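A short reminder: the numbers here are calculations on the coordinates, not readings from a lab. Just so it is clear, the model here is predicted, and its values are computed rather than measured. Reconstructed Cβ throughout: ideal geometry from the backbone, glycine too, with neighbour counts over all protein chains shown.
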């Protein structure tokens, strides 16, 4: 057990979502669900974040921004794609300007389905991501050189 | 006890006490907002986590500045608790913050620069009142040495109520509490990303956090000096003062920097200086 899973700081980015999933992400931070119980803090800063929560299907204008945010996060890090648009592009999949899912741009660790994803499933997704975060940390300890890049990252 | 032992005890114990204070702060804040809140040891988990992260450095000089911030904060506290000169404590204290500002300026992020500028404004805002606190202590106890101030049986608070109120106001700025958390904040306000800490990550951010814990203990130690004649009252005063800061934190929105500067100087001028002037007048116009 590392400290990582006790203090996951999240970064939330809206990659051309309809705001439905974003509202649910923020709902998880309100007193009703109070994720700070688990040490989860919403940082507005990729350099402080461990978990990248990303909603929407990524259009051609924010491809670079998403890549930039992902690269600024120090390892170990995990990406949670929230909502069906983030998973596959959803109803916007065929649009001329939509990449169709977060995993077309950056590697994704956890997919949280739903339109909009419910706060309970978002919290469940983040908890699943924490397990992956631990594994990545252990992999970094075994092989410090390989920890610089996540698997699948080019 | 010999001063050096006190200094070593401070260096070893202050991060633990400071971290616990931060944990209690987060818990009480959560309860005030109708939440359960994080575990008491959450600040330690956070720092432990930050040390586990990869070290990403924007410019090499950052490392030096952050380390200097931590070291000079520890030196300032060690001087304080070994009964050294109050003015020297203040100088080391200010120097450590200047290193934090330099660290933020050494990166290329505009958010970091805005944070650094705001941190400088905060230093300008609180510094006069901190100096007035030292001068007030001197007027009452006739010494700048912490060891003499603490040993004197004079109830300092009876002579310096105005200075104490001014100090409490400055404490709000120093603890990064809400009307005056301009440069960076413990809350999720994000208009300048994370201000002065924007470009620090992983172990460097952890060092800043530990320096902040050292700072908590020094600042609350100064509250103790006002009530040094009776340790029980002093500790009660520290608890009440800190609780008051949390209440203020949760009831005010953030002020602009202009207002921070004006209020800090107005209160330092109106209450602090008037307090000292009255003391001077009552003493028959003699600086003791």
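Over chain B, with a Gaussian network built from C-alpha contacts below 10 Å, which listed residue (B:149, B:233, B:121) shows the highest mean-square fluctuation? Comparing B:149, B:233, B:121 in a Gaussian network model of chain B, the most mobile one is B:233. If R0 equals 45 Å, the separation of the Cβ atoms of residue A:60 and residue B:56 corresponds to a calculated FRET efficiency of about 0.95. Here each label is just a point 7 Å from Cα along the line to Cβ, and for residue B:235 and residue B:282 those points are 2.9 nm apart. Would you work out if region B:129-288 is rounded, prolate or oblate? Take a ≥ b ≥ c from the square roots of the eigenvalues of the alpha-carbon gyration tensor; rounded if a/c is under 1.5, else prolate when a/b is larger than b/c, oblate otherwise. Since a/c reaches 1.5 and a/b is larger than b/c, the shape of region B:129-288 is classed as prolate.
Could you rank the peptides B:46-53, A:16-23, A:64-71 by their average count of other C-beta atoms within 10 Å per residue, with the highest value first? Don't skip to the answer; put the middle values down first.
Details: B:46-53: 20.9, A:16-23: 18.2, A:64-71: 15.0.
Order by mean packing, descending: B:46-53, A:16-23, A:64-71.
Centroid-to-centroid, using Cα positions, region B:151-168 and region B:171-185 are 23 Å apart.
Of B:94, B:172, B:251, the residue with the greatest mean-square motion in the GNM of chain B, using alpha carbon springs below 10 Å, is B:251. Spin-label model, residue A:91 to residue A:67: label points 7 Å out along the Cα-to-beta-carbon direction sit 3.0 nm apart.
As a footprinting exposure proxy, order B:247, A:41 by other Cβ within 10 Å, with the fewest listed first. List each step's numbers first, then the result.
On the way: B:247 14, A:41 22.
By the 10 Å Cβ count, ascending, the order reads B:247, A:41.
When a/c reaches 1.5 or more, the comparison of a/b and b/c decides; with that in mind, is chain A rounded, prolate or oblate per its Cα gyration tensor? It comes out oblate by the Cα gyration axes. Considering only beta bridges that DSSP places wholly inside the protein assembly as shown, some 10 percent are antiparallel.
If you take the square roots of the eigenvalues of the alpha-carbon gyration tensor of chain B and sort them as a ≥ b ≥ c, do you get rounded (a/c under 1.5), prolate (a/b over b/c) or oblate?
The shape class here is prolate.
The convex hull around the C-alpha trace of region A:25-77, projected and averaged over every direction, spans 4.3 square nanometres. In angstrom, the C-alpha Rg and Dmax of the protein assembly as shown are 24.2, 87.
Antiparallel versus total DSSP beta bridges in chain A: what percent is that, nearest 5? Numbers along the way, then the final one.
On the way: 1 of 16 bridges.
Beta bridges within chain A, antiparallel portion: roughly 5 percent.
Based on the Cβ-Cβ distance of residue A:26 and residue B:147, what FRET efficiency does E = 1/(1 + (r/R0)^6) give at R0 = 45 Å, to the nearest 0.05? Don't skip to the answer; put the middle values down first.
Working: r = 52 Å, r/R0 = 1.15.
Efficiency computed from Cβ-Cβ geometry: 0.30.
Label separation (residue B:95 vs residue B:253): 4.1 nm, computed from points 7 Å beyond Cα along the C-beta direction.
What ranking do A:121, B:178 get, fewest neighbouring Cβ atoms within 10 angstrom at the top? Don't skip to the answer; put the middle values down first.
Numbers: A:121 17, B:178 21.
By the 10 Å Cβ count, ascending: A:121, B:178.
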